[in-house]
Amino acid sequence: MGPLIAKVLEEGDRELRKERAARHRAEEELHGMNELTDILLHLIEKIWAFRCTNHQTPEDTSQQQRATLESILDSALAQLELQSVQIEYEQLRRENDQLRAPNNWQFEK
């Protein structure tokens, strides 16, 4: 009975670790989506404020308006690129952690 119990406990522990890793990945993905949502909402707020200001000040030149809008969009694109790099970094870190783990799933029986 002892070896059977040990085997069942090992399998349970292995499953628990897999579930925890899956939950951790899901939490990281949710965090990434929240950050993406924040970036997009911030962009919408800036564009809306720019649009409202644009209607209130008709003396603005077209070139100034274009430059302002370009800077707003460039800022949002930079934030999105940073978010993409952070997500890629986390994926590579997780992959590296899995490869370094003593109980690597590739070597399990």
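Expressed as an acute angle from 0 to 90° and rounded to the nearest 10, what is the orientation of the C-alpha long axis of helix 62-100 relative to the principal long axis of the chain?
So the helix axis and the longest Cα principal axis differ by about 10 degrees.
Projecting each Cα onto the charge dipole of the chain (Lys/Arg +1, Asp/Glu -1 at the beta carbon, about the Cα centre), which of H31, L41, P3 comes out farthest on the positive side?
The one lying farthest along the dipole's positive direction is P3.
For a protection proxy built on the mean count of beta-carbon atoms within 10 angstrom, sort 2-9, 63-70 highest first, please.
The most tightly packed comes first, giving 63-70, 2-9.
Compute the long axis of helix 2-56 from its Cα atoms, compare it with the longest principal axis of the Cα atoms of the chain, and write down the angle in degrees, 0 to 90, nearest 10.
The helix 2-56 is inclined about 0 degrees to the chain.
Coordinate-derived values only; no laboratory data. The structure displayed is predicted, hence computed values, not measured ones. Note that we place each Cβ from the backbone using ideal geometry, even for glycine, and neighbour counts take in every protein chain shown.
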